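Novice: Just passing along the structure, written as structure tokens.
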Amino acid sequence: MPSQARAGVRHAGSLYGRTFRWLGTPVRKVEAEAEHLHEVEHAGESPETPLVAFLGIFLFLLPIFLIMLGLALLAAHIAG
């Protein structure tokens, strides 16, 4: 591979790397906050511990409920 092509590939790789790190920053912040809430819930050191636990259960069950509702509405529409 010629040196210019190699330099271009290296430069593009660094650009993609910086872009993906920049795009991943909000995701890492959300993950860090979720980990903190998980630690607070397990320690039980906060008066909001029950709220965090119920919110976790709700956010776990919400997608399941929405999928089941969508399937039920689709079946009703098809049965027509």
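The values are calculated or read from the model by the stated rules, or taken from the named source; none is laboratory data. Please read these numbers as outputs of a predicted model, since none were measured by experiment. Cβ coordinates were reconstructed from backbone atoms using ideal geometry, including for glycine residues, and neighbour counts include every protein chain displayed.
Novice: Exactly one of (1) out of contact with any Gly (no Cβ under 9 Å at 6 or more places or on another chain); (2) in a helix (DSSP H, G or I) is unmet by His38. Its number?
Specialist: (1)
Novice: Using the structure shown, decide if Val9 is under 29 Å from Phe60 (Cβ atoms), in a helix (DSSP H, G or I) and either at pLDDT 70 or above or not assigned by TED's automatic domain parsing to the domain that holds Leu59 (or both).
Specialist: no
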